[in-house]
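Taking it in order: structure first as structure tokens, then the write-up.
The values are calculated or read from the model by the stated rules, or taken from the named source; none is laboratory data. If you're wondering where the values come from, they're calculated on a predicted model, not measured in any experiment. No Cβ is skipped: glycine too gets one built from the backbone with ideal geometry, and neighbour counts run over all protein chains shown. Accessible surface is based on the protein model in full, side chains and every heavy atom, while ligands, DNA and RNA are left aside. Shrake-Rupley method; radii C 1.70, N 1.55, O 1.52, S 1.80 Å.
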Amino acid sequence: MNKYTSCLRRNRSWRFGAVLLLFTGVYNGYGQVSQQDYRLVWSDEFNDDGAPDTTVWGFEHGFERNHEDQWYQSENARCENGKLIIEARRVHIPNPDYRAGSRNWKTNRKWIDYTSASLNTRRHKSWQYGRFVMRAKIDTADGLWPAFWTLGISKPWPSDGEIDIMEYYRRHLLANIACGTDRPGVAKWYSVRKLISDFHTKDWSSRFHIWRMDWDEKEIKLYVDDLLMNQVPLDSLYNPDGSNPFMQPHYILVNLAIGGDNGGNPDRTAFPKRYEIDYVRVYQKE
């Protein structure tokens, strides 16, 4: 999908924790992920209550993409009890961008029926290759569309390259990779989806899970709880102009969308709903 980002840990234990991770790996509740020769280069542990750190995270504002129902605003994101909380709310307030007679879906809606938040590191942090890890809990109610993903720093979408490390909608968990085609705004997708029910865990949605991307100069691998969801070699991911969007730095995005082209119908879902993120970490090889 075409989607469009640290409450930096400021306590004194950060350095100790970072060093400890180099030796013990990332514990995910299902075992340990070997770090091999990776080193932690950045993390957000969300340990300071209050607003996310705007020296690392930027926010989207308003209606953005995919005809989604939510109005994005920074007020729907906060750090609380060591987690980043993105909260979706049902509202009924005027759309400040409304224009009578407009043919643009962003301005012909008179009312805002939902609010949520979308954060990204676009202007602050980006990385080329590495292990990207998130521990989070997602709500799988109807109409919700949470995601943890990356975009390249150059070229317009989709020639900038998109990696959906985690995406959920309509009872499916997805792991997607996209590059450009010879048609502007049309992507070539490498997508894998898995029904939540296929995990055979009744309380899957009430648990925290680990999403991980391992990305190097040869391939991209996407995992959930150490289960390989998708694997694509980089030599399959060239744009028509010969550029490869995955041989450039990417920045991180986390958001909770509602409805729209893929999210489903949220009408019968009780709000507010939360997307809870325990941490986001980036490792790179020595």
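Can you find even one residue in the range 110-119 that is assigned to a loop (DSSP other than H, G, I, E, B) and open to solvent by 50 Å² or more (accessible area, probe 1.4 Å)?
Checking the range 110-119: at least one residue is assigned to a loop (DSSP other than H, G, I, E, B) and open to solvent by 50 Å² or more (accessible area, probe 1.4 Å).
Taken over the range 120-147, residues that are open to solvent by 10 Å² or more (accessible area, probe 1.4 Å) and of a type in the set (Val, Ile, Thr) amount to 1. Would you be able to say whether some residue in the range 207-227 is more than 30 Å from Arg89 (Cα to Cα), open to solvent by 40 Å² or more (accessible area, probe 1.4 Å), part of a strand (DSSP E or B) and out of contact with any strand residue (DSSP E or B) (no Cβ under 6 Å at 6 or more places or on another chain)? Looking through the range 207-227, at least one residue is more than 30 Å from Arg89 (Cα to Cα), open to solvent by 40 Å² or more (accessible area, probe 1.4 Å), part of a strand (DSSP E or B) and out of contact with any strand residue (DSSP E or B) (no Cβ under 6 Å at 6 or more places or on another chain).
If you filter the range 228-266 down to residues that are touching a strand residue (DSSP E or B) at 6+ places or on another chain (Cβ under 8 Å) and small (Gly, Ala, Ser), you find that the one that is farthest from Trp105 (Cα to Cα) is Ser236.
Taking the range 77-104 as the range and being open to solvent by 50 Å² or more (accessible area, probe 1.4 Å) and under 23 Å from Thr269 (Cα atoms) as the test, the residues that pass are Arg78, Arg89, Arg90, His92, Ile93, Pro94.
Taking the listed residues Tyr238, Tyr275, Tyr279, the one that is over 28 Å from Val91 (Cα atoms) and open to solvent by less than 60 Å² (accessible area, probe 1.4 Å) is Tyr279, with no other qualifying. Here Ala147, Ala178 are screened, and the one residue that is more than 24 Å from Pro272 (Cα to Cα), modelled with pLDDT of 95 or more, in a strand (DSSP E or B) and of a type in the set (Gly, Ala, Ser) is Ala178. The C-beta contact set for the range 107-131 (first residue farther than 15 Å from Glu64 by Cβ, second residue part of a loop (DSSP other than H, G, I, E, B) and modelled with pLDDT under 95, distance under 6 angstrom, 6+ apart or interchain) comprises Thr121/Thr5. Per the listing Lys221, Lys188, Lys202, the residue uniquely over 22 Å from Leu119 (Cα atoms), among the basic types (Lys, Arg) and modelled with pLDDT under 95 is Lys202.
Screening Tyr72 on (1) over 19 Å from Pro272 (Cα atoms); (2) at pLDDT 95 or above; (3) among the aromatic types (Phe, Trp, Tyr) shows it passes everything except condition (1). When each of Asp267, Asp226, Asp278, Asp235 is tested for being acidic (Asp, Glu) and under 20 Å from Leu174 (Cβ atoms), the lone residue that passes is Asp226.
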